[in-house]
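The values are calculated or read from the model by the stated rules, or taken from the named source; none is laboratory data. Being a predicted model, the structure only gives us computed values, none of them experimental. Quick reminder, even Gly has a Cβ in these numbers, built from the backbone with ideal geometry, and neighbours come from all protein chains shown.
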Amino acid sequence: MALRTEPFVLNMGPVHPSTHGVFRMRATLDGEVVVDIEPVFGYLHRGIEKLAEQRTYTGTIPLTDRLDYISSMSNNFAYCLAVEKLAGIKVPERAEYIRVIMAELQRIASLLIAVGSFLNDCGAYFTPFLYMFRERERIVDLFEMVSGQRLTYNYMRVGGVSQDLPKEFMPALHKFMNLMPRFLDEYDRLLMQNEILIARAKGVGILTREQAINSSASGPVLRASGVKWDIRKADPYSVYDRFDFDIPAQESGDCYDRYRQRVEEMRQSLRIIQQAMEQLPPGPVRTEVPHLIRPPAGEAYARIECPKGELGFYLVSDNSIAPYRCHIRPPSLLNLTALRDMVRGWKVADLIIIFGSIDITVGEIDR
Amino acid sequence: MKFERYGIGIAKGLTVTIRHLLRHPTVNQYPEQRLNISRRFRGNELVWNQEKCTGCGTCAKTCPQGAIEIVTSTDMTENKYVVEKYEVDTGYCINCGLCVESCPYEALYFSHAFECARYRRGELVQGKEDMLETPERKVSGYFYPDKAAKLPKQTLLVEKITEKR
Amino acid sequence: MATAELDIYHLVKLQAVPPDWPGGFWWHWLFFTVVIIGFVLTMVMGVIYIERRGMGRMQSRLGPNRTGPFGLLQPVADAIKVLLKENIVPTAADKLVHWLAPVVAFAPALMLFAVIPFQNGALLADLNIGILYVVAISSVSTMGIFMAGWGSSNKYSLLGAMRNVAAVVSYEIPLVLAIVGVVLISGSLSLNQMVVAQDIPFILLQPLGFLLFFAAGCAEINRSPFDLMEADSEIVAGFHTEYSGMKFAMFYLVEYAEAVAISAVITTLFLGGWRGPLLPPWLWFVVKVLLVFFAMVWTRTTLPRIRIDQLMAFAWKFLFPMALLNLFITALQVLADWPAELAWAMIIVNIAVMAIIILIWSKFFFRLGGGRIEV
């Protein structure tokens, strides 16, 4: 008598047990093995691209904060680069360096959340998550000092940044730079060599080099699969060509490598911030642009290396005060297209881990 | 990196956790201990300087949400606009600060208070009288460094609690 | 015939009552029943408090500290909250099974304490098969958990319950083999005799046995890192998804009562039970139980969770062979009639043997195997 089994559909609904936002997955399971997966998203669609057409160029900057709400500075940065490219506005030196410092601090903060929630999904009952939030608190305090808010900073403007750094920023940043490497070492000691984590995450959810390149993955997901592609080196923007940093890459592209990749990138970001702090010149932080900018008709695409990958803004202008079309290239959505190949054949518990290691923010996927 | 299988990774992790037991927790007990918020705090309410305001409406035009409503009338004696109604719907405001930055006469500021919860949504609308500067509704230093210098320094986690190694 | 029966009855009664107990058999039984129920409930509350505060401090935050001074009344607040909740039973559920499951799960946790000595001779029933009773009774609560999973008519609860049954059955074997090592050294199955025989605590004489028992015990009671039966960050909330109100409180109580029970058994078997200088013996017992429980909280805070197939592989391919090796070596040592004066040398030998076995087995023989299945 042959045993007949039937695959059943499990709905991991929009209210997710993990901390990744409103994302729905319909997984077809055969016993405990995942056979197929169908992502359903759109639960957080707010129409940002359409709203951008109704607000001025400066008024869209608060909207871009809310795209990838964990790393607002990077979104502002990309948008301002796009508008400056479109309108041909030059940014003063001091503003460029301040933007780089903010972007790299934001990268550390966002990667901390990625690592902390990945370990939380693995089952370490909130301990690495809370340690991560404690370190992120230090960075967010610095951002609060500069811009006044803790999550949606709205700090960068077309032509520079909104205000200069206050006097107490640099001493606080020095203290932070002294504390952070020891925290990264402590984090390594906590879970990097843990046998249970290695058994859970090594070899799980492998994304090969060819698969990663074919599915337009970018960011830590791509570099963990062995491709050394970083927009800061390949297509430098702002003043990144003046800094000396490495691009880490791992070999196999499994969940453990993605976790290691993110920790290594945090270390490289610390190097960049150190150099930017030393090279910071005095001067103005904002070129004079009118409140209602009217760039000449044309189109521009600007991309940056945001903590999740390549974030791009494509702006089309028709010489009016608002963009004619604003399209956003979200890294989380494009990294997610490889999810199905990564997950098939693994169990439900691995599905959660693999999904957590890609590190998405639903605000970016749905816009 | 060599992976040892016999439990040394687990033991290392256990030492990290047990050391945290002896450290001061990074916790602030809210109603009894309050931290100083940023001097450039982009608060929930706005503060309006009635003398400097001329009713030009730049703030209302710059606001991306359209949360500011201004109604003016002309006053021939003073030769300037009289602002009859200046209303900000703080429920609709996203605290971006573009209005504060764009005022040409420096008549609009953010308030430095953050505990302004209301019971009803209708009470969130700030009228003209609710926007004047009072000792409870201090002015925050967002975009105005001279006002920021008068406020107390922000408590920072990097200074407040340093773990003893 | 009748006189022989009467004699046996007399003998049994005499064996169960300690020599200078006033009042006879039934007073002794009543006193210890009350003591055990009070002890379990108080310890569960204390243990919940320790876990929440201890875990909070290790995570660089405070635990609950608002209810009562230092948050001491937090378990009381939890109990009151849970009592006031509505009792929801799904319509498609099997009513009798659904109702009975918490009872069947909780009763063995209480019954375990009948044979654990609080002081020399101070236990409810000084059975001469003490540890066998412990092993037998502790398996019954798995029935309760399976009844909960089945009676909820929810396929995810059933999945969680089946995982639990598989895990418990697998980890029984290393558990029992670790116990047999202690039995060989102490020479009797009675728990009171085992404590009396521990001039040197058996954790030093049987370090590998202690680790095995700790790991297998944590797996039996669904405690991290083996807590995938009630995993918080996976989809299935486990076998107690469909429970609310007092029945949920019973399951919650079961989890912590079993943790206290396993801690008590570890204390009795390995740490020397109630023995210690200066303080009264029952206080030493409580202190040691709390220490063992703290070790469980410590591992829960640090370690991630393992997957179901890795759980089974760990039990069958790692713990079981090591338990057999441990038993073999202990048997050799007992057979070789190690003199009592050189017991210190035996400690060092045993610790060295443990380190070598773990190193060799994990480096060369233990492979978890891939998890990917071709679809």
Exercise for the section: Could you list all residues from the range A:57-95 that are in a loop (DSSP other than H, G, I, E, B) and of a type in the set (S, T, Y)? Expected result: A:Y57, A:T58, A:T60, A:Y69, A:S71
Problem - Search result, residues across the range A:41-56 that are touching a residue at least 40 places away in the same chain (Cβ under 8 Å), outside any loop (DSSP other than H, G, I, E, B) and farther than 13 Å from A:S317 by Cα - result: A:I48, A:E49
Practice task
For residues that are within 14 Å of chain A (Cβ to nearest Cβ) and closer than 19 Å to B:P31 by Cβ, scanning just the range C:57-81, find the one that is surrounded by the most Cβ atoms within 10 Å (Cβ to Cβ).
Solution key: C:G63
Exercise for the section: Kindly check whether there is at least one residue in the range A:122-137 that is under 21 Å from A:A224 (Cα atoms), within 9 Å of chain C (Cβ to nearest Cβ) and at pLDDT below 90. Expected result: yes
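Using the structure shown, decide if C:L184 is touching a Ser or Thr at 6+ places or on another chain (Cβ under 9 Å) and either within 30 Å of C:D94 (Cα to Cα) or crowded, with 23+ Cβ neighbours inside 10 Å (or both). It would help to see each step written out before you state the result.
Numbers: touching a Ser or Thr at 6+ places or on another chain (Cβ under 9 Å): yes; either within 30 Å of C:D94 (Cα to Cα) or crowded, with 23+ Cβ neighbours inside 10 Å (or both): no.
The answer is no for C:L184.
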Exercise for the section: Pairs only if they're at least six apart or on different chains, beta carbon under 9 angstrom, first in the range A:354-367 and over 13 Å from A:P331 (Cβ atoms), second among the aromatic types (F, W, Y) and assigned to a helix (DSSP H, G or I); list them, first residue then second. Expected result: A:G356/A:F118; A:S357/A:F118; A:S357/A:Y256; A:S357/A:Y259
Exercise for the section: Filter the range B:107-121 down to residues that are at pLDDT 85 or above and either surrounded by fewer than 13 Cβ atoms within 10 Å (Cβ to Cβ) or under 19 Å from B:G66 (Cβ atoms) (or both) and give me whichever is nearest to the chain's Cα centre (by Cα). Expected result: B:F110
Fill in the blank from the handout: Cβ pairs under 7 Å, 6+ apart or interchain, first in the range A:278-296 and on the phi > 0 side of the Ramachandran plot, second part of a loop (DSSP other than H, G, I, E, B), ordered by first then second residue, are A:G283/A:P92
Practice task
Output the strands (runs of 3 or more DSSP E) that fall wholly within the range B:57-165 and possess 1 or more residues being within 14 Å of another protein chain (Cβ to nearest Cβ), or say none.
Solution key: B:68-75, B:108-110
Practice task
Working carefully through the options A:P331, A:P236, A:P307, A:P248, find the one that is closer than 18 Å to A:A212 by Cα and surrounded by fewer than 20 Cβ atoms within 10 Å (Cβ to Cβ).
Solution key: A:P248
Exercise for the section: Could you check, for the range A:154-170, whether at least one of its residues is among the aliphatic types (A, V, I, L, M), under 16 Å from A:M266 (Cβ atoms) and more than 7 Å from chain B (Cβ to nearest Cβ)? Expected result: no
Handout entry: Filter result (assigned to a helix (DSSP H, G or I), more than 7 Å from every other protein chain (Cβ to nearest Cβ) and of a type in the set (A, V, I, L, M, F, W, C)) within the range A:182-215
Key = A:F183, A:L184, A:M192, A:A201, A:A212, A:I213
Fill in the blank from the handout: Taking the range A:187-233 and keeping residues of a type in the set (G, A, S), modelled with pLDDT of 85 or more and surrounded by fewer than 19 Cβ atoms within 10 Å (Cβ to Cβ) leaves A:S216, A:G226
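Report those helices (runs of 4 or more DSSP H) wholly inside the range C:284-360 carrying at least 3 residues which are touching a Ser or Thr at 6+ places or on another chain (Cβ under 7 Å).
Values: elements: C:308-313, C:320-335, C:343-360.
The helices (runs of 4 or more DSSP H) meeting that bar number zero.
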Handout entry: Residue that is surrounded by the fewest Cβ atoms within 10 Å (Cβ to Cβ) [pool: residues in the range A:269-295 that are more than 25 Å from the chain's Cα centre (by Cα) and not in a loop (DSSP other than H, G, I, E, B)]
Key = A:E278
Exercise for the section: Might you let me know whether the range B:28-42 holds any residue that is part of a loop (DSSP other than H, G, I, E, B), within 12 Å of chain A (Cβ to nearest Cβ) and closer than 30 Å to C:W361 by Cα? Expected result: no
Exercise for the section: Could you give me the residue pairs with C-beta distances under 7 Å whose first residue belongs to the range C:165-193 and is of a type in the set (F, W, Y), whose second residue is part of a helix (DSSP H, G or I) wherever it lies, and which are 6+ apart or on separate chains? Expected result: C:Y171/C:A216; C:Y171/C:A219; C:Y171/C:E220; C:Y171/C:A315
Exercise for the section: Only residues that are touching a Leu at 6+ places or on another chain (Cβ under 9 Å) and within 13 Å of A:G160 (Cβ to Cβ): list them for the range A:277-292, please. Expected result: A:V285
Exercise for the section: Just give me the residues in the range A:10-32 being under 15 Å from C:K155 (Cα atoms) and either part of a loop (DSSP other than H, G, I, E, B) or at pLDDT below 75 (or both), in sequence order. Expected result: A:G31, A:E32
Handout entry: Tally, over the range C:276-309, of residues that are surrounded by fewer than 19 Cβ atoms within 10 Å (Cβ to Cβ) and more than 20 Å from the chain's Cα centre (by Cα)
Key = 7
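Scan the range B:27-70 residue by residue and report those that are of a type in the set (K, R), surrounded by 14 or more Cβ atoms within 10 Å (Cβ to Cβ) and in contact with a Phe, Trp or Tyr (Cβ under 7 Å, 6 or more places away or on another chain). Walk me through it before giving the result.
Filtering the range B:27-70 down to residues of a type in the set (K, R) leaves B:34, B:39-40, B:42, B:52, B:61.
Retained after the next criterion (residues that are surrounded by 14 or more Cβ atoms within 10 Å (Cβ to Cβ)): B:39-40, B:42, B:61.
Listed by number, the residues that qualify are B:R40, B:R42.
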Exercise for the section: Look through B:G43, B:G57, B:G66, B:G9 and report the one residue that is within 28 Å of A:D141 (Cβ to Cβ) and small (G, A, S). Expected result: B:G43
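Whether any residue in the range C:359-371 is surrounded by fewer than 16 Cβ atoms within 10 Å (Cβ to Cβ) and under 19 Å from C:I203 (Cα atoms) is what I want to check. Break it down into steps so the answer makes sense when it comes.
Within the range C:359-371, the subset surrounded by fewer than 16 Cβ atoms within 10 Å (Cβ to Cβ) is C:359-360, C:363-365, C:367, C:369-370.
Filter again for under 19 Å from C:I203 (Cα atoms), leaving none.
The answer is no, given that none of the residues of the range C:359-371 is surrounded by fewer than 16 Cβ atoms within 10 Å (Cβ to Cβ) and under 19 Å from C:I203 (Cα atoms).
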Completion exercise
When B:K61 is run through (1) charged (D, E, K, R); (2) within 20 Å of B:G127 (Cα to Cα); (3) in contact (Cβ under 8 Å) with a residue 60 or more places away in the chain, the failure sits at (3)
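Can you tell me which of C:P90, C:P102, C:P117 is closer than 14 Å to C:A264 by Cβ, in contact (Cβ under 8 Å) with a residue 60 or more places away in the chain and more than 14 Å from the chain's Cα centre (by Cα)?
C:P117
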Problem - Verdict on A:V9 being crowded, with 19+ Cβ neighbours inside 10 Å, farther than 24 Å from A:E305 by Cβ and touching a residue at least 12 places away in the same chain (Cβ under 8 Å) - result: no
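Yes/no matrix, rows are residues, columns are (1) touching a residue at least 40 places away in the same chain (Cβ under 8 Å); (2) in a loop (DSSP other than H, G, I, E, B); (3) touching a strand residue (DSSP E or B) at 6+ places or on another chain (Cβ under 7 Å):
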residue	(1), (2), (3)
B:Y6	no, yes, no
B:K12	no, no, no
B:T15	no, no, no
B:H20	no, no, no
B:T26	yes, yes, no
B:V47	yes, no, yes
B:Q50	yes, yes, no
B:G55	no, yes, yes
